[in-house]
Amino acid sequence: MATRAQSVTERGGKAAASASGALNAPLFQSLIERLRGAGRCVVLDLGAARPETIRLLCEFRCRLDIVDLTDGLDQLNSEQTPRGLRDRAESLLPSRRRESTDVVLCWDMLNYLNRPALSMLMECVAARGRRGTLAHALVVYSARKMPVRPSTFYPIDEQHLASLAPAQSERDAPRYTPEDFALCMPRYTVERARLLRNGMQEFLFRL
């Protein structure tokens, strides 16, 4: 049974999340819950390094690889050949190691990849994973426009995400559907998907 102090802390955390306009992300929460009972694991974070993410994951026995893809997206999207795409994607990702990746945090990065780049990047990510590897993503679904560059998402707690999105111009959103992902990411299946209150769709993919 939770103590009174624990209850107050939990209520305070939820109130702070609500006050900050944080996004309730149930699939992210389910991913964190799986990590809690998973033993040692490897997490690949494709976004900017954030102390909040590191602080949340440090309670688990995991290795955290962080590779901010933001500055490499334009070059990846501009590659014209499969060989060029593969070489570029491999150069952006951490070197392959003996330990397979268990969890991939894509944040909103998939929205900023054209279909060939999306397919090749996630294929190279899959090569670092194993059967059952999970990938979490936030996909623009309702809105037709999105910021020119990816936002910086970070966890407030296990259930809530916040983002840093400085004022910037907008671009058309690809509004990828599960069918698009099935074509571009054939090695992955959609384990679960949820429409969030900000109009984004939260996906949990399984390799």
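The values are calculated or read from the model by the stated rules, or taken from the named source; none is laboratory data. The model shown is predicted, which means the values in this text are computed figures rather than measured ones. Glycine gets a Cβ as well: all are built from the backbone with ideal geometry, and neighbour counts include every protein chain shown.
Take residue 139 and decide whether it is surrounded by fewer than 17 Cβ atoms within 10 Å (Cβ to Cβ), in a strand (DSSP E or B) and among the aliphatic types (A, V, I, L, M). Taking the combined requirement at face value, the residue does not satisfy it.
Candidates are the residues of the stretch 35-89 that are among the acidic types (Asp, Glu) and under 18 Å from the mean Cα position of the chain (by Cα); the one that is surrounded by the fewest Cβ atoms within 10 Å (Cβ to Cβ) is 71. Among the residues of the stretch 102-110, at least one is assigned to a loop (DSSP other than H, G, I, E, B) and surrounded by 14 or more Cβ atoms within 10 Å (Cβ to Cβ). Considering the stretch 111-136, the residues that are polar (S, T, N, Q) and closer than 18 Å to residue 173 by Cβ include one that is surrounded by the fewest Cβ atoms within 10 Å (Cβ to Cβ), namely 114.
Table: residues versus (1) in contact with a Leu (Cβ under 7 Å, 6 or more places away or on another chain); (2) at pLDDT below 95.
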{"position": "86", "(1), (2)": "no, no"}
{"position": "98", "(1), (2)": "no, yes"}
{"position": "112", "(1), (2)": "yes, no"}
{"position": "115", "(1), (2)": "no, no"}
{"position": "118", "(1), (2)": "yes, no"}
{"position": "121", "(1), (2)": "yes, no"}
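Among the residues of the stretch 170-184, is there at least one that is in a loop (DSSP other than H, G, I, E, B), under 27 Å from residue 55 (Cβ atoms) and more than 16 Å from the chain's Cα centre (by Cα)?
So the first thing to find is which residues in the stretch 170-184 are in a loop (DSSP other than H, G, I, E, B), and the list is 173-177.
Now narrow it down to the ones that are under 27 Å from residue 55 (Cβ atoms): none.
No; the residues of the stretch 170-184 include none that is in a loop (DSSP other than H, G, I, E, B), under 27 Å from residue 55 (Cβ atoms) and more than 16 Å from the chain's Cα centre (by Cα).
Considering only the stretch 38-74, state which residues are in contact with a Cys (Cβ under 8 Å, 6 or more places away or on another chain), over 22 Å from residue 160 (Cβ atoms), outside any strand (DSSP E or B) and hydrophobic (A, V, I, L, M, F, W, C). Of everything in the stretch 38-74, nothing turns out to be in contact with a Cys (Cβ under 8 Å, 6 or more places away or on another chain), over 22 Å from residue 160 (Cβ atoms), outside any strand (DSSP E or B) and hydrophobic (A, V, I, L, M, F, W, C).
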